Amino acid sequence: MTRSQRRVLARIVIVAVLVLVAYWGAARLWPKSKPPLPEPSAKVVRPAAPAPEPGARSRPRPGDPPPGPTDRAKAMGLLRKGMDLLGRRELVAARSSLADALACGTLPQQQAADARKQLDKLAVETIFSPQAVPGDPCTSSYTFKPGDLLARIERSMKLRVPAQLILRINGISDARKIQAGQTLKLVRGPFHAVITKRSFTADVYLEEPKTRRMIFVRRFPVGVGKDKSTPVGRWRVVLGGKMTGAPWTPPVSSGMPRRRIYPGQSGYALGRKGYWIGLEGIEGTPYTKADGYGMHDTNDQSSVGKAVSLGCIRLADGDIDLLFAMLYEKWSTVTIVE
């Protein structure tokens with residue numbers, strides 16, 4: 001073997017040794033297979049807690065023990081505390097105490113009426129007036145910037161109150177008239193309603209943020225269905241179900257031809273402005289938007305306070321105007337009880 005051949009052989013041996021060393025090192029230091037990435041934990045989507053049922057504690061349920069002296073004493077104590085706070089002009093604290101007293105459901109009839117009367121007055125002063133009360137969790141103020149739109153502000157702040165009510169509170173007829181630099185009072189909701197068929201009343205409550213306290217704000221007289229045709233249960237305002245100048249289709253029970261009747265046409269039943277607040281059942285109530293239940297204006301104002309409708313809830317002109325401005329689609333609930 002020549003010298004040149006020996007040099008070539010030596011190089012081959014050296015390369016082979018280096019390859020074997022590299023392979024051995026890689027086998028020891030590198031894992032045989034890449035460990036799998038840990039599976040991401042599943043994101044738990046929790047349904048939003050339903051709004052408390054307004055006035056639930058004031059309505060006894062089957063199996064509930066009758067209220068005792070301690071329950072009545074607690075309600076009366078809250079009432080007295082609320083009246084004392086009201087006398088000292090501590091309006092927000094007085095409102096809370098009176099709302100809690102009413103929610104106990106154990107106040108005597110006259111005292112319950114007194115609590116509602118005072119809460120109605122407090123609502124006028126703290127909620128429906130253009131002045132915001134310091135420390136009120138239900139209201140705030142906002143100064144508009146160039147390019148701000150009321151509808152967008154309401155959505156971004158999640159007020160759950162129709163812009164119509166905010167305009168009404170601030171004495172503004174048209175949202176387009178709001179100018180940059182103008183400060184408006186805002187209200188945080190939503191509002192809810194409880195309709196009691198036997199008394200022909202609709203009680204409206206404002207849900208206080210964080211505490212979810214139900215604050216009574218107004219009572220309206222209503223008309224209900226004849227022959228118990230207004231179904232009881234819990235409902236919510238249908239998304240896209242609030243309309244003015246709404247067409248009306250007579251229900252089958254009316255005996256009238258099934259056709260859409262528009263404002264100004266003969267047989268139109270929804271009153272001067274055609275207010276309609278569509279409802280759908282929730283929490284086991286089987287009714288849907290297609291069933292056509294709702295709250296509306298009426299062209300027979302004398303029917304309010306009576307059981308003469310075809311199943312829907314009727315309100316007088318001025319009352320439906322305010323209620324329409326308070327109830328918020330999807331978020332406002334309507335509870336109908338006997």
*In the range 67-104, which trypsin sites (Lys or Arg not before Pro) are in a loop and have at most 11 other Cβ atoms within 10 Å, using DSSP for the loop call?*
ARG88, ARG89
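Give the shape of the range 139-188 as rounded, prolate or oblate, defined through the alpha-carbon gyration tensor: a ≥ b ≥ c are the square roots of its eigenvalues, a/c under 1.5 means rounded, and otherwise the shape is prolate if a/b is larger than b/c and oblate if not.
rounded
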*Return the loop-located trypsin sites (Lys or Arg not before Pro) in the range 119-173 (DSSP other than H, G, I, E, B) with at most 15 other Cβ atoms within 10 Å of their own Cβ; answer none if there are none.*
LYS158
*Quickly rank 126-132, 324-330, 265-271 as a protection proxy: mean count of other C-beta atoms within 10 Å, highest first.*
324-330, 126-132, 265-271
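Values quoted throughout were computed directly from the atomic coordinates according to the rules given, and no laboratory measurement underlies them. Worth saying up front: this structure is predicted, and the values here are computed from it rather than measured. No Cβ is skipped: glycine too gets one built from the backbone with ideal geometry, and neighbour counts run over all protein chains shown.
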